Amino acid sequence: MKKILNDPGVVSQVFFPRKCQKPQENDELRVLNFEVEKEVQLGGIVYLHEHPHNYPTMMYFHGNGELSLDYLQIAPLFHTVGVNLAVFDFRAYGFSTGDLSYTALLKDPISLYHKFKEWMETEYPGKSAREFILMGRSLGSACASALGAYPEAKIITKIVFESGYSNLYDLMTRLFMIHHPQITEESVAPYSNHTYQEKITKPTLIIHGSRDTIIPISQGRLIFDSIPSDVPKQFVKIDGATHNDILMFNSEYFGSLREFINREF
């Protein structure tokens, strides 16, 4: 099944990569570049809070067709909830290298976590390097699911899914319209987000728009249902929001995020 999921024909229907040049660093923006596999480097950007050492750091995996650089104007909104924002690109996106691969979405975040943790400990020691909040939007929810289930990610204290999915079979067959005799509910289950979400032990927030037709709200509810019942979890439905305008519902979106980040569990 791994071979099927990484088949060039499947990959070309799933991913919508864009490239960009590395931006110039400054006091508020640091450029990341980590080798996660031989000759494969993932890029990203840390948008630093005004007082970076004093706040937790959000490891953020963006949606399909997006780039870490796209968050330049959005980052200040995340700063208002009390985090540094570190946005990571997938392989072949932005200034990342390597070949596109669905299973890399599940594997790369593990290596990335260790590299980024070490980097933060050196560059910004403090709460910023001791407490990570994991967030995945849309396709990035695959990265957040895999890393969120990783037992060695000790300093990840909370997890957020925004406009995310739980069932990989639904994503492949409904959204990307990929139909292959070997792609079934059972065959893709080991690579499906719900399999990882069932292993999550950290407090989790799920945010989803009621009018999302790309990844319908039913998938967000499946995330909620997949996370064990003894794990603190919250589902926030944003009425009227679609997949790509959900950030425009500023008070509901960032209000929920702020309350979750500041809550003690």
### Query
Looking only at Cα atoms, what is the convex hull volume of segment 20-168 per residue, in Å³?
105 Å³
### Message
Expected output is a single nm value to one decimal: the length gained when fully extending between Q41 and T103, i.e. 0.36 nm times separation in residues minus the C-alpha distance. What is it?
### Response
20.7 nm
### Message
Need the full-extension length gain, K199 to T80, defined as separation in residues times 0.36 nm minus the C-alpha distance. One decimal, nm.
### Response
39.8 nm
### Query
Taking Cα atoms of the chain, Rg/Rh with Kirkwood Rh, to two decimals?
0.94
### Query
Can you tell which of M135, M59, M248 shows the greatest fluctuation in a Gaussian network model of the chain with Cα springs below 10 Å?
M248
### Query
Which whole-Hz couplings ³J(HN,Hα) result when phi for each residue of segment 75-86 is put into the Karplus expression 6.51 cos²θ - 1.76 cosθ + 1.60, θ = phi - 60°, listed in order with x for Gly and Pro?
3, x, 5, 5, 4, 5, 8, x, 9, 7, 10, 10
### Query
For F16, F235, what ranking results if the residue with the fewest other Cβ atoms within 10 Å of its Cβ goes first?
F16, F235
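Would you kindly state how much longer the chain becomes between R221 and D27 on full extension, computed as 0.36 nm times their sequence separation minus their alpha carbon distance, in nm to one decimal?
Between R221 and D27, full extension yields 65.9 nm more.
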## Note on the structure
On the formula 1/(1 + (r/R0)^6), with r taken between the Cβ atoms of M248 and H53 and R0 of 30 Å, the FRET efficiency rounded to 0.05 is 0.45
### Average silhouette area of segment 61-128, convex hull of alpha-carbon atoms, in square nanometres
5.3 nm²
### Query
Taking neighbour counts of Cβ atoms within 10 Å as a proxy for exposure, in what order, fewest first, do V188, V31 appear?
V31, V188
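Read the figures in this text as sums done on the coordinates, not as results from a lab. Only a predicted model underlies this, so the values are computations on that prediction, with no experimental measurement involved. Glycine also receives a Cβ, built like all others from the backbone with ideal geometry; neighbour counts cover every protein chain displayed.
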